[in-house]
Amino acid sequence: MITLGIETSCDETAVAVVEDGFELRANLIASQVHLHERFGGVVPEVAARAHVEALNPLLEEALAVADVGFGEIDAVAVTTGPGLVGALLVGMAGAKAVSLATGADLVGVNHLEGHYWANFLEHGRPRPPYVGLIVSGGHTMLVHVPEMFHHVVLGQTLDDAGAGAPASMRRLEAPLRGGPLRVPAAPRRGGCPARGHDAAVATLALLPASLRNLRFTGASVPTSVSSSSPRMNASTRLNAMSSWIWRGGLFMK
């Protein structure tokens, strides 16, 4: 089974071709960083127009890389949200057109489910249960997946955790997307298994009772960055901020 994937939820146009659910035949991305950099953040109208320009050429290139013709496509998967409305409409219009022209099934995909399912293209088929962390701005959340196609939100951000990121990155003298930057590794805590579902559950168990509702926010990070001394260089400010995060600053009752 050949599935064509189209993603246009924010500021990157992406087209992929997947065979039998897990074999990646092509995966191409058209970045818009150069268009938004001078604004210090993503401009929705600019993003939508760039998707219009990039989608068709990227689609043709992805099919060529995968050595797949339009007549061989069995399904078209497209991001339906959450995301920027204008940007989403571009991808959905393109996906509907391909579906109508080829007779392929049209499948709407939740952006956040796509985040954690993308891991299985790299690491193989899922073996639930497991706990996943989705880091996606205002939709950042911890999710428990007890079985395939069933997930329970354990906790999520109280606000748009990414809203202050562009300003913070400018203060840290970093590029638009905030990287590449090195941050200190999180300190290890004794008694926590090294990997897997048991490790995630054990990590949650280490949290104080007052924090186990698992709601969190990154809203104070920009304040932490901006209140740092102007004499601090970018590396020093970043170290101070990340140290604050690992102490639990991202969590709140």
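The values are calculated or read from the model by the stated rules, or taken from the named source; none is laboratory data. This one's a predicted model, so the numbers in the text were calculated from it and none came from an experiment. With ideal geometry, Cβ positions are generated from the backbone for all residues, glycine too; neighbour counts draw on all protein chains shown.
List of remarks:
- Counted residues, segment 142-163 - those being under 15 Å from the mean Cα position of the chain (by Cα) and modelled with pLDDT under 85: 6
- Near pairs, Cβ below 6 angstrom, 6+ apart or cross-chain, from segment 116-144 (farther than 21 Å from residue 9 by Cα) to any residue that is surrounded by fewer than 18 Cβ atoms within 10 Å (Cβ to Cβ) and acidic (Asp, Glu): 128/147
- One residue alone among 18, 85 is touching a residue at least 24 places away in the same chain (Cβ under 8 Å) and surrounded by fewer than 18 Cβ atoms within 10 Å (Cβ to Cβ), and that residue is 85.
- Filtering segment 43-53 to residues that are surrounded by fewer than 20 Cβ atoms within 10 Å (Cβ to Cβ) and in contact (Cβ under 8 Å) with a residue 40 or more places away in the chain leaves 44, 45, 48.
- Flag for residue 107 being loosely packed, with under 13 Cβ neighbours inside 10 Å, more than 22 Å from residue 31 (Cβ to Cβ) and either touching a Gly at 6+ places or on another chain (Cβ under 9 Å) or at pLDDT 85 or above (or both): no
- Residue check for residue 75: touching an Asp or Glu at 6+ places or on another chain (Cβ under 7 Å), within 15 Å of residue 4 (Cα to Cα) and modelled with pLDDT of 90 or more: yes
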